[in-house]
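Encoded as C-alpha cells, the structure appears first; notes follow it.
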C-alpha cells in the first residue's frame, strides 16, 4: 500500500502543486466573495481535473505541455464544475435531452 501511494505522489505530486497554485491565483483575482466552501470545492475539483489530465495525456504529451494543460484547466475548474453540474440538472429534469446527441435518436 505504501509503495503505491509513493508512486501516486511521485507521478502526480508536482502537477497537484501546480493545480493548487493555479486555484490560489484564480481565487485571489476573482471579484466574487470567496467562502471556505467555494475554495475547498475549487481545490478538490482542480486536483481531480489534474489527475484526469495527467492520466489521459501521460503517454501522449511532454511534461511541460501537461503542466500547461493542468494549470489552465485548474484555473477554469470552477467553470468546468458548474457546467457539469448544470448539465446534470438538465439531464435530471428532462432525460430526453440526451437523445439529441445520440446518433440513433433525436431525429424524427
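Against the main long axis of the alpha-carbon atoms of the chain, helix 63-75 sits at an angle near 60°. The relative contact order of the chain comes to 29 percent, based on Cα pairs under 8 Å that sit 6 or more residues apart. Convex hull volume of the C-alpha atoms in the chain, normalised per residue: 176 Å³.
Estimated purely from DSSP H runs of n ≥ 4, each contributing -39500 (n - 2.57), the mean residue ellipticity at 222 nm for the chain is -25000 deg cm²/dmol once divided by its residues.
None of the figures in this text is laboratory data; all of them are computed from the coordinates on show. Model, not experiment: these values are computed from the prediction.
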